[in-house]
Amino acid sequence: MNKTSLSFAYDPDSFRSQGIKLIDLIAAHLNNAMKGDQKPIHWTPLEEELRFWEAYMEDATASDFFPEILRRTTHIHHPKYVGHQVAATAPITTLTGMVSSLLNNGMAIYEMGMAPSAIERVVIDRICKQIGYAGDSGGFLTSGGSLANLTALLSARKAIVKHDVWNEGHSQPLGIMVCEESHYCVDRAAKIMGLGEKGIIKIPSTQDFSMNVSLLEAYFNKATSEGIEVFAIIGSAPSTATGAYDNLEAIGQFARQKKIWFHVDGAHGGAAIYSKKYKALLQGIEDADSVVIDGHKMLLMPTITTALLFKNKAHAQNTFSQQADYLLEENQEDIWYQSGKMTFECTKTMMCLHWYVLLKNYGEQLFDEYVTRQYDLAQSFAKLLVDDPCFELATHPQSNILCFRWIVPEKSNKELNRLNAAIRQQLLEDGEFYIVQTKLRGITYLRTSLMNPFTTPDHLTQLMEKIKTVAKSIN
């Protein structure tokens, strides 16, 4: 890069000009997407998309990069986007993201994150209070639910297992208990930790896809008889595929009885702590040793930002320390301001700005209103589907995740699986709606995550009619 290019790259006037144009472009995109003027997705086959961007890189005349990005990506703010579990971000977080990117304070040590370290502490304290934790709680923000769940399990192992695994390794089999419907990142975390397949004790689910807590004693005893030391149990709040909440109160009672760590993976539905109407789904969460909540799912923030909360902040601050938790003294220094000592990542973005600005400008009421609206919407959608003989629910929704399928009485499940997969693919290529699919107990279901705050029952009625049209064309 020559000097002229370097100077141009950092020119404030050029940045101002580009920034104003981009803000105007984003505002127009947001307006069009929210009104549903365009399709939520313009499907392009993989190889075609790759060829386009390869050619674009070499085209000296191509200059409209940002408009092109908007044209060729999925529009989460479109009310007919009912696909994956990512937030239709509150527009103000575009600005906090921009500030974080420019200032680039890595936060590993206090002087490289003075304001964000203090801001993160304020955010964490407020979330802990909302969970129902006492004053000795704490935690931090980190990059995603997968990393947060891994960190929580590392904390659990350090706190419960008497042998100093962190420094000395382990030879005795260790294990965790979790519902068979839990997110795949829990399996990944367990295997990263060296637990192996035997160390992931899968508890079967009930008919509604939540953990069958009546089987906990039997599965714990079986693992113990096989020489596995169980050190943690995880409750899903909710499971990713179906949106079913585990019975956290029963799981917590079991954990206390067995003196093991109780962790709640509330990456998606932990946000219900803010909903006056639906908070009861999380009854017992206040007894969890650790909780994960994603800001980029049900709290209107951009990817990727996750809160990992601990009932006892000592566990938050000593997961990666050089001595075992059972050797820690109570008078140790409180290092909440030293992010690099508490998290797996040393450098991280100033993700706390998203949380803080939403709480400061709109308060917890914003989250209450949003979560309650989306969960209510799922109930309305479920009624529409139940009342229509062409559709079948996998289970009645507890959250804003809903699985259903198109049914034809004379067809086998194998035929219906092919039909529903074909319906989903045609919907994807058509682009008027964006939905996904999942397989539950061998049956293929269409799956919606009602993330958009502007999706209405009318949009979902239109989706049902669209599916009927597509299904008839396939038949």
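What follows is calculated from the coordinates using simple rules that are stated; it is not laboratory data. Remember, it's a predicted structure, so these values are computed and weren't measured experimentally. For neighbour counting, all protein chains shown are included, and Cβ atoms are generated from backbone atoms with ideal geometry for every residue, glycine included.
Go through Lys80/Lys468; Lys129/Lys439; Lys202/Lys259; Lys162/Lys313 and tell me which ones have a Cα-Cα distance over 26 Å in this structure.
Pairs exceeding the cut-off: Lys129/Lys439.
Determine which aspartates and glutamates satisfy two conditions relative to Lys383: a Cα distance under 14 Å, and not lying fewer than 8 residues away in the same chain.
Glu392, Asp458
For segment 409-475, compute Rg over Rh where Rg is the Cα radius of gyration and Rh is the Kirkwood radius from the inverse mean 1/r over Cα pairs.
We get a ratio of 0.98 for segment 409-475.
Work out the P(r) tail for segment 372-412: percent of alpha carbon pairs separated by more than 14 Å, whole number.
For segment 372-412, the share of Cα pairs beyond 14 Å comes to 45 percent.
Would you mind calculating the gained length between Tyr110 and Asp59 on full extension (0.36 nm times residue separation, minus the Cα-Cα distance), in nm to one decimal?
13.9 nm
Determine, for Ile109, Ile234, the number of other Cβ atoms within 10 Å of each Cβ, and report the residues in order from fewest to most.
Listing Ile109, Ile234 from fewest to most nearby Cβ atoms yields Ile109, Ile234.
Using 0.36 nm per residue, how much length does the chain from Ser17 to Glu180 gain when fully extended, once their Cα-Cα distance is taken away?
Fully extending the segment from Ser17 to Glu180 adds 53.4 nm.
Which value, to two decimals, describes the C-alpha radius of gyration of the chain once divided by 2.2 N^0.38 Å?
Its radius of gyration relative to the 2.2 N^0.38 Å reference: 1.04.
What is the Rg over Rh value, at two decimals, for segment 53-167, using alpha-carbon atoms and the Kirkwood definition of Rh?
1.09
Using the number of other C-beta atoms within 10 angstrom as an exposure proxy, rank Leu385, Leu141 with the fewest first.
Fewest-to-most Cβ neighbours within 10 Å comes out as Leu385, Leu141.
Only counting other Cβ atoms within 10 Å, I'd like Glu410, Glu392, Glu197 sorted with the fewest neighbours first.
Starting with the residue having the fewest Cβ neighbours, the order is Glu410, Glu197, Glu392.
Let me know the charge dipole size of the chain about its Cα centre in debye, to the nearest 20, where only the beta-carbon of Lys, Arg (+1) and Asp, Glu (-1) is charged.
That gives the chain a dipole magnitude of about 640 debye.
Per-residue ellipticity at 222 nm for the chain, helices alone: DSSP H runs ≥ 4 residues times -39500 (n - 2.57), over residue total, nearest 500 deg cm²/dmol?
-14000 deg cm²/dmol
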